[in-house]
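For reference, the structure discussed in these notes is given below.
Rule-based calculations on the coordinates, nothing more; no lab input. This one's a predicted model, so the numbers in the text were calculated from it and none came from an experiment. With ideal geometry, Cβ positions are generated from the backbone for all residues, glycine too; neighbour counts draw on all protein chains shown.
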Amino acid sequence: MAIRPIVRFPNQMLSRKADSVTRFDATLEALAADLLDTMRAAPGIGITAPHIGVLQRVTVIELDQESGVRIYVNPEIVWHSTQLMKHAEGSVSMPGVTEDVERPQAVRVRFQALSGETMEEEAEGLMAICLQHEIDQLDGIFWTQRLSRLKRDRAIKKFEKLTREQTRG
């Protein structure tokens, strides 16, 4: 549908909790389509409505073409494994910066489809990491908050440097 501007770190929109979706209509479908187009253009593998300035609990994830596009409305983690794994994470709101984050290796998520139907899904590996990352964002937790102070400061300084270099052209 449309590629929307992405809210950049450190915008306060990224630290606000998104509101639950209560209307399952054409407007929600259009938002999901815009999220997909914006994520692909960024490029990224996951995006939330707050990333484009909309405080609603909607996320779109597409790890690759083979696994397809997944849309989650009002997602919540209802179970997570005790086994942890590290994976490099980043954000479409902080392009060019990644850092290893440790999270549970598997999760079960309850969510609604675009139709409003409530569903549950289990995920492991990269998909589990993406779900946790995006649900954190919907809860107003930017991914850098999962880092140690040293790694967080390093990531922010790197992003500030990249932003200065892009501004200079």
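Given the residues Thr163, Thr82, which is the only one that is of a type outside the set (Lys, Arg), closer than 20 Å to Pro50 by Cβ and out of contact with any helix residue (DSSP H, G or I) (no Cβ under 9 Å at 6 or more places or on another chain)?
One residue alone meets the criteria, Thr163.
Just the residues that are in contact with a Pro (Cβ under 9 Å, 6 or more places away or on another chain) and in a helix (DSSP H, G or I), please, taken from the stretch 141-164.
Ile156, Phe159, Leu162
Being touching a residue at least 12 places away in the same chain (Cβ under 8 Å) and touching a Phe, Trp or Tyr at 6+ places or on another chain (Cβ under 6 Å) narrows it down to one residue among Phe111, Phe142; which is it?
From the options Phe111, Phe142, the qualifying one is Phe111.
Quick check on my filter: what residues within the stretch 1-25 are part of a helix (DSSP H, G or I) and either in contact (Cβ under 8 Å) with a residue 40 or more places away in the chain or within 19 Å of Val73 (Cα to Cα) (or both)?
Met13, Leu14, Ser15
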